[in-house]
Each structure stands twice: as C-alpha cells, then as structure tokens.
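Bear in mind these aren't lab numbers, they're just calculated from the coordinates by the rules spelled out. Everything numeric in this text was worked out from a predicted model, so none of it was measured. Here Cβ is always computed from backbone atoms with ideal geometry, including for glycine, and neighbour counts include all displayed protein chains.
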Amino acid sequence: MNRSLSWQRALTAAFTLVPVFAFVLAGALRANTADFEHAQAGPFQSLDTNLGKWVVVRGSARVDREHAANGKQCLHLAGGTETSIELTLAGAVRTDGNLTFRAERWTKRSPFTFRIEKRVDGQWLEIWNGDKQIQVGRGFLSDIDLALADPNLDRLRISVTSPPGTGVLIDDVRIAPAQVQRIVAAEVVPLTLPALVGVEHCPIVKLKIETSGRVSPISLSQIRGNLKGTILEDEITQVSAFFTGSSGRFNTAVALGSTERIDSSFQFDCGLELGEGANYVWIACGLRKDANIDHRIGAVCEQLTFSNGETIQLDAAPTVQRMGIALRSRGEDGVHTYRIPGLATTLSGSLISVYDNRRSKGGDLPGDIDVGMSRSTDGGLSWRPMRTIMDMGQDPEWNYDGIGDPAVLVDRNTGTIWVAATWSHGNRSWHGSGPGLQPEETGQLILVRSDDDGLTWSDPINITQQVKRPEWCFLLQGPGKGITMQDGTLVFAAQYQDSPENDRLPHSTILYSKDHGANWHIGTGAFDDTTEAQVVELEPGVLMLNCRYNRDSVRVVMTTNDMGKTWHKHASSERALIEPTACMASLINVDREVGANVGTWLLFSNPDSTRGRHHITIKASPDHGLTWPKEHHLLLDKGSGSGYSCMSMIDRHTVGILYEGSQAQLTFQRIPLKDLVPPLNL
C-alpha cells in the first residue's frame, strides 16, 4: 500500500536534522564550501580552505583520509581533552545565510560536548549546543543546518570534548545564503549489493536527486519503474521505496511506500519534500524463503515526477543484483554478533561453515564466544539450523571461557573434518595471553573433528603443548580454512606472538600434520608483523602463505618448500594485492579444491580497498598469484561490513563464498566460476 510522507514526518522518523548541502553543485558555490578533499592528510595546526583559515587553538585536529561523508577525506576533532578550532572566514563568504555540515560521533561514552560560537565585534557568543544532536554511528548521520543571518560575524569556533581515542568527524562545511529550490539532476547510482534470502528489504536500485536552494522546497511526487533484470518475479514478496536523506547508505527508517502485488511494474506516490543537496531514494525488495540464489534480481526506475510539474525520464539500464543467503544475522538465535567465517566442502559435497557466536557483545576474545557451525547438503542453496560445536564453559570468573577465530579443514584422504580455534581461559587472547603452556598462562589451541560429514563432533582436543613454544606469548590458527596437500599432509595457516623480550612481534606461519591429525607441528615465522593468513599448495611440496600485514595496506606473500622451516618472499609480495590496513582474506587453489586440472587459477577475496572494509571482491590469478588482472575481478558487495571472507569450490563450476558483508553479518553466495575466468576444462 502506497503512502505519502512529508519531510517533517521523515525528519521525525529518521531522528535526524534537516538535510544539508552535501557537496558542491556548481563552481560558483565552491568558495562557500570546505570539504577537505584537497588538504594534506594528517595532523595540522593551520589549514587553508575555500571557506577560510582553520586554526587549532586547543587540543588536536587532523585531516582524516579513512572517513568521509562525500569524497575521501574529512576533518577529525580529536578526543581526550577539549579540542577547539577556529575558522576565520574568507572575505568572499556571505554570512547572512546558513551554516551547514555533516558530523559523526565515535562513541556514546561520556564526557561529550559539542558547541559552536560566533565572534562579532571581538565577542564570542554561543549559537548552538550540539551535545544531544551529534549522533553516534558510521555514515555521518548528523546533518546540521544553522541559521547565521549575521553579516557582521567574521569567525566561528567549534569546541568538542570526548573520551580519549575518539572525537568527532566533520565534513561538507558550507556557508551560503538561502535560495529558491530547483532540481539540478536526477540519476541512477551504480550499485552492487547482494539481494539476500532472509533480509526483509534488499536494496536493488539507488537514486540520487540533487537540488540547489531550500526556499519553496520541491516534493518528489511519484516514482515509476519495472522489474527488468529479474529472472523470476514470483520469487519477490514485496517491492518498497525508502528515503535516506543526504546519506548514501541504505536504511529503512523512512519508508515511501510498499506493494505486495508483484507484476512487471511498480509505482509509488510519495509526497516527499526534498532537502537541499543530495537526496537518496532506494528501491528494495523482499525474497521468498525458497528463492533460488543462483538467480538475479533487477529493476529499472523509469520516471520521477515532482511537485513543481517537472518529470524526469531516467534512461538507465536495469540495475541487477546477485542473490545470496543471510546465513547469520545480528540477534539470530539470541546471539549478538556473528563473525570470522570459515568454509569447506566435504568429500560428499556438503558445505561446512564455521564462525564465532559472540553471544553478548561484538568484540573479540576474551568474552562469551563459542564456535558455531552451519551445514548444507545442496551446495549452499539451503542450510540446516546452526549448531554450537565448540563451547569451553560459561564461568563469568573466567570470562566465560570464550573460544573463537575458527578455521576448518577437510582431510581429502579420510574425509575427516577438522576445526581449529583459540580458547581464552580468562583473558588469554591477543592482549592477555603470555608465555607458558597452561590455560592459566596462555591461549590454548583447540581442535574438534567430525568423521561423519559434520553430523557429530568430538570433544575438544588440546594440542597447545605439541606445537607452542613456551616463550611465545600466543599461538592460534588462521582463521578461515586449511588444506590437504597432495602427499596427504594437513595444513592450517597459523600465527604466533613472539616473546615479551621480542615485543610480542606477530608472525604468520603454518600448522601441519603428516599423520592425519594424530600429531601436529609448527613452522617458523614467515615475515615480521603478519597475522591472519591463508595457505595454498602451488605445486607438490610448495606452499604459498598469503598474510595480513599490520604495517601497510598490502598483502605479504611468502613461500616455503620445507614445511615452514625457511621462507622466501614471493614476487607479488607487498605489490599485487591490497587490503584496508590489516584485514583477513581468503585464498584457494581451484585445481586442488576440485581435484582436477582445470588451469592454474588461484582465487583471492577481501575488501578491495586501502581505506575501509567495503567492496568485497573475488580476484582470479592465471599464473599462481604473480598477477591478478582486472578483467578477472568480480565485485560482490560495495557496502561496508567487517570484511572477512572464506571461499570453497562447491563443484567444478561454482565458487562458494561466506563473508562479513553490508547486508548480513555472514553472507553466503554461489558464484559461477565462468564469471571470473575464461571457459576451463570443466
């Protein structure tokens, strides 16, 4: 049923202030805007922008290259003590209009204050108290619009108090007189997000409507479109439209309309008053529980009608999204957060996925964390209910004996499934684990096994004393998945922290067994300051270790031909693959996964970014990882999430991937191999 919604109702529903002019619409307005795009990233005491000169008078500030409301950079006013920054306005800036900007608060913790003052005739006067207005959360949720209406002011001061290590992000600062609103442009924004079974509203089309001016605002009256690009319309349960103001991140706070009558077209009568600048509108759908995730969902927005009589025809191709399953979502089965995916295919073709069940909060160990497992017997088209397969206790005195960061491995000769995880008896994880071998001293490396295709699981098997050197502070697995080498050796990627005398320096390495899991051994450190890694066998006896690197936004790649006794830097190391400054990734050898020679392809997945955990992408290499040509890159999820992933070949034709995406905490998708690489000998 369609329903109209005024901007005033939208404001209440979304709990935000009036949308602001999020970016410059015309060159004539640039002099009134500070977006920090052209400033040098890092701390500063003085900064010149088009709007004027910024000077830090107390505390510290920096140009932040990791976050932005629009573009790539923003202003960060640091926490810890009060930070004050003054803006001396450029002479061309008119102050008889409004001050607008977007802001983001990093934490709900106290203390927090946010004040804006103006200087007139040498006197400072407070003009805004934002203590309760600046919101916490990604996406610059606070859109601030303040009437200055004072042609005599020459300087503004922003003051922030917040806890250490936090602060406030500010972007798209603008001062300009009010203008009569007009429609500047309307367009379909390129969008790649998975449409997931198990998610009520899956965004499939993103629209951006740009306006200038706020006087006599215009309303979006009607949206018309169709479902071109959808393979099977019967799999859709509803089509809806949503408004997210000037934020380009999808949410469902402001609904514009919904219809459960699915045919080839849709229409929403909105009555939505537009804000100045960018206005984002989304078309979303719901999917049947039995929808075939090998299908695609698509739509076209054909026409927008506005209250001023304008009609815009949108000549755009269908926006088509791949489908998938929300394997685990926040709050499901009473679990706060699901993280750290592992995925493997058994000899019978079943899929075994493992992950953290972070029961009461989202943080890492120590905490109330168990290892969960989901099993599919039809290639991931459907999944059995989640089971807990590793639970070391519930005693709050010992931080609930959390166990997590799992990795899964299938013995290709015996069929046994192994899962490795780290047990924190109290605070015995990354920061609290120390030298020694006992649970009261150091984190414990625990295995469980299944000999019946994942139906039942063994009691925990503690191998810490087999493999950990007493002087090391910590030893744990991958996470992700392990492999079976051609000679039958079982191998997990692993990582350890060196002794306190060596500053607990972390190193990636390997953990292996030559007797099908009866005994385990550990390699030496592959490279300084590497942690979570994945391992593949390139050729008989030669292993490649692809590592998370703490010092740069690149992947470290090492090889060994003696089971980790010595390591050699691969030609692609720190060159061929990027990451967002330390993030887990997945690496598989297609030939070894399917047990046949179908080429020399490696597949790699991670967030294809150096700036944040977004753009989950699979890349294929035709030459054992020397190069990763762009024509063999496949973007799956453009949105932001926690970014970890794990792949497994389901069969010769299909890649399975489980990842921490933007639409679910754990997203599963089936990807045709032909979408990544040329036709192979399948």
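Check which residues have an amide H placed less than 5 Å from Y644's amide H, if you skip close sequence neighbours.
For Y644, whose amide H was placed from the backbone, the distant partners under 5 Å are E660.
When every alpha-carbon pair in the chain is counted, what percent end up more than 35 Å apart? Mind showing how you got there, number by number?
Working: 112580 of 232221 pairs.
Pairs farther apart than 35 Å: 48 percent.
What is the P(r) of region 182-324, as percent of Cα-Cα pairs per 5 Å bin from 0?
Percent of pairs per bin, in order: 2, 10, 22, 24, 20, 12, 6, 3, 1, 0.
Which value in deg cm²/dmol, rounded to the nearest 500, describes the helix-derived mean residue ellipticity at 222 nm for the chain, given -39,500 (n - 2.57) per DSSP H run of n ≥ 4 and division by the residue count?
Numbers: 3 runs with 17 residues, N = 682.
-500 deg cm²/dmol, from helical runs alone.
Could you pull out every residue, at least 5 positions away or on a different chain, whose amide H is within less than 5 Å of the one on Q303? Hs are placed 1.01 Å off N in the peptide plane, and Pro or chain starts have none.
R224, L314
Where in region 407-449 does the label zone of D391 land, with the point 7 angstrom along Cα→C-beta and an amide N cut-off under 20 Å?
407, 419-426, 446-449
Under the Karplus relation 6.51 cos²θ - 1.76 cosθ + 1.60, θ = phi - 60°, what is the ordered set of whole-Hz ³J(HN,Hα) values for region 50-58, x standing for Gly and Pro?
Values, residue by residue: 4, 6, x, 9, 9, 10, 7, 9, 7 Hz.
What length, rounded to one decimal in nm, is gained on full extension from R652 through to E539, with 0.36 nm per residue of separation minus their alpha-carbon distance?
Working: separation 113, 0.36 × 113 = 40.68 nm, distance 1.94 nm.
So the extension gain works out to 38.7 nm.
Nearest-5 percent of antiparallel DSSP beta bridges in the chain? It would help to have the intermediate numbers written out before the result.
Values: 200 of 207 bridges.
Rounded to the nearest five, the antiparallel share is 95 percent.
Can you give the FRET efficiency to the nearest 0.05 for E501 and D234, using r as the Cβ-Cβ distance and R₀ = 60 Å?
Efficiency at R0 = 60 Å is approximately 0.35.
Report, in listed order, any pair from K108/K361; K468/K565; K569/K674; K208/K289 with a Cα-Cα distance greater than 27 Å. It would help to have the intermediate numbers written out before the result.
Numbers: K108/K361 15 Å; K468/K565 15 Å; K569/K674 31 Å; K208/K289 31 Å.
Pairs exceeding the cut-off: K569/K674; K208/K289.
In whole angstrom, how far apart do the alpha carbon centroids of region 448-511 and region 423-443 sit?
Using only Cα atoms, the two centres lie 15 Å from each other.
For each of E660, E397, count neighbouring Cβ atoms within 10 Å of the residue's Cβ, then give the residues from fewest to most. Walk me through the intermediate numbers first.
Details: E660 27, E397 8.
With the sparsest Cβ surroundings first, the list reads E397, E660.
Within 10 Å, count the other beta carbons around each residue, average over each peptide in 640-646, 541-547, and list them highest first. Could you put the intermediate results ahead of the total?
Values: 640-646: 24.9, 541-547: 22.7.
Per-residue Cβ counts within 10 Å, averaged per peptide and sorted highest first, yield 640-646, 541-547.
Tell me which residues come under 5 Å, amide H to amide H, from T416 once H is placed; ignore anything under 5 positions away on its chain.
Here D411 satisfy the definition.
Please list the three semi-axes, largest first and in whole Å, of the ellipsoid equivalent to region 41-180, using sqrt of 5 times the eigenvalues of its alpha carbon gyration tensor.
Working: eigenvalues 103, 51, 48 Å².
Ellipsoid semi-axes (Å, largest first): 23, 16, 15.
With a Förster radius of 22 Å, plug the Cβ-Cβ distance of N308 and K208 into 1/(1 + (r/R0)^6) and report the FRET value to the nearest 0.05. Each step should come with its number before you reach the end.
On the way: r = 18 Å, r/R0 = 0.83.
My answer for the efficiency is 0.75.
Run the simple label-point estimate for A178 and N413 please: 7 Å along Cα→C-beta, distance reported in nm.
8.0 nm
When the Karplus curve 6.51 cos²θ - 1.76 cosθ + 1.60 is applied with θ = phi - 60°, which whole-Hz ³J(HN,Hα) does each residue of region 474-490 get, with x for Gly and Pro?
Whole-Hz 3J(HN,Hα) from phi for region 474-490: 6, 9, 8, 7, x, x, x, 8, x, 9, 10, 6, 5, 8, x, 5, 8.
How far, in nm, would the chain grow between D562 and E187 when pulled straight, counting 0.36 nm per residue and subtracting the alpha carbon separation? Provide the component values of the computation, followed by the final result.
On the way: separation 375, 0.36 × 375 = 135.00 nm, distance 5.67 nm.
Net length gain for the segment: 129.3 nm.
With contacts defined as alpha carbon pairs under 8 Å and 6 or more residues apart, what's the relative contact order of region 182-324 in percent? Please report the intermediate quantities before stating the final value.
On the way: 395 pairs, mean separation 51.9, N = 143.
Relative CO of region 182-324 lands at 36 percent.
Sequence gap at least 6, Cα distance under 8 Å: using those rules, report the relative contact order of the chain to the nearest whole percent.
Working: 2083 pairs, mean separation 60.7, N = 682.
Result for the chain is 9 percent.
Excluding residues fewer than 8 places away in the same chain, name every one of the aspartates and glutamates whose C-alpha is closer than 19 Å to that of K228.
Leaving aside aspartates and glutamates fewer than 8 places away in the same chain, those within reach of K228 are E187, E260, D263, D294, E302, D315.
Place a point 7 Å from the Cα of S110 along the Cα-to-Cβ direction; which residues of region 156-189 have their backbone N under 13 Å from it?
Residues passing the 13 Å test: 163.
Arrange the peptides 647-654, 335-342 so that the one whose residues have, on average, the most other Cβ atoms within 10 Å appears first.
335-342, 647-654
How much length, in nm to one decimal, is gained on full extension between Q267 and R249, taken as 0.36 nm per residue of separation minus their Cα-Cα distance?
Values: separation 18, 0.36 × 18 = 6.48 nm, distance 2.28 nm.
Net length gain for the segment: 4.2 nm.
Excluding L99 itself, what net charge comes from residues whose Cβ is under 11 Å from its Cβ, given Lys and Arg +1 and Asp and Glu -1?
Values: positive: K118, R174; negative: D145, D150.
Surrounding charge for L99 is 0.
Taking the beta-carbon count within 10 Å as an exposure proxy, list T560, T192, T509 from fewest neighbours to most. Write out the running numbers ahead of the final one.
Numbers: T560 21, T192 17, T509 28.
So the ranking, lowest neighbour count to highest, is T192, T560, T509.
Listing E187, E302 from the residue with the fewest other Cβ atoms within 10 Å to the one with the most, what is the order?
Least to most surrounded, the residues fall as E187, E302.
Ordered by residue, what ³J(HN,Hα) values in Hz, to whole numbers, does region 524-541 give under the Karplus form 6.51 cos²θ - 1.76 cosθ + 1.60, where θ = phi - 60° and Gly and Pro are x?
8, x, 7, 6, 4, 6, 10, 9, 4, 9, 9, 10, 9, 9, 7, 8, x, x
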